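What follows is a single structure, written as structure tokens, with notes after it.
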Amino acid sequence: MDNQTELLKGIEKRIEANTVAIDVNKKATSELQSTINHQQKGNLRVTGLPEKDDENMRETIIGILTKVIPVSVARLRETVDTVHRLGQRASAATSNNLPRAVIIQFGMRTVRDEVWKKSKEDFSKEDRLARTKLWPLVQEARSRGLLHVFM
């Protein structure tokens, strides 16, 4: 009986050690997710840009941004940190003909916020109302795989 008691105590100690390790892992995972979320706050995602061979996404995006906010190209080149497409380019056989999204990483959150704000201001009240009415139809079309971008 003493041998079984010792085995049971050893198992209980391992369970306790595993429980502590799980708690430490959960905390580390939470902190990592928090760090990732903080890093991504300076990012914007752009969808619907057609893909081209040998594209220079950074210059394409800077060209688009100069139309959205009145900032010089030189300032945008300083503030736009990196620009890249998400995922791997699909082969012609597996392609669904939808362009991959583009992530823009800004070095300054204030510029990102200005771009975000200005891009939302482009619609008149009537346009926003019409878009709100159409939104359920857009969601239905997306659920069927019929629509990717709503402009």
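Values as computed for the structure displayed
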| item | result |
| --- | --- |
| Test: residue in segment 48-57 that is outside any helix (DSSP H, G or I), within 15 Å of the chain's Cα centre (by Cα) and of a type in the set (K, R) | no |
| For M57: the one exception among (1) out of contact with any strand residue (DSSP E or B) (no Cβ under 9 Å at 6 or more places or on another chain); (2) under 30 Å from G145 (Cβ atoms) | (1) |
| Test set (1) open to solvent by less than 70 Å² (accessible area, probe 1.4 Å); (2) in contact (Cβ under 8 Å) with a residue 12 or more places away in the chain; (3) under 30 Å from G145 (Cβ atoms) - L98 fails condition number | (1) |
| Selected residue (only one of G63, G10 is open to solvent by less than 50 Å² (accessible area, probe 1.4 Å), assigned to a helix (DSSP H, G or I) and more than 17 Å from Q105 (Cα to Cα)) | G10 |
| Residue in segment 121-134 that is surrounded by 13 or more Cβ atoms within 10 Å (Cβ to Cβ), assigned to a helix (DSSP H, G or I) and modelled with pLDDT under 85 present | yes |
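The values are calculated or read from the model by the stated rules, or taken from the named source; none is laboratory data. All values derive from a computational prediction rather than experimental measurement. Note that we place each Cβ from the backbone using ideal geometry, even for glycine, and neighbour counts take in every protein chain shown. In case anyone asks, the SASA skips ligands and DNA or RNA and just uses the protein heavy atoms, side chains included. Shrake-Rupley method; radii C 1.70, N 1.55, O 1.52, S 1.80 Å.
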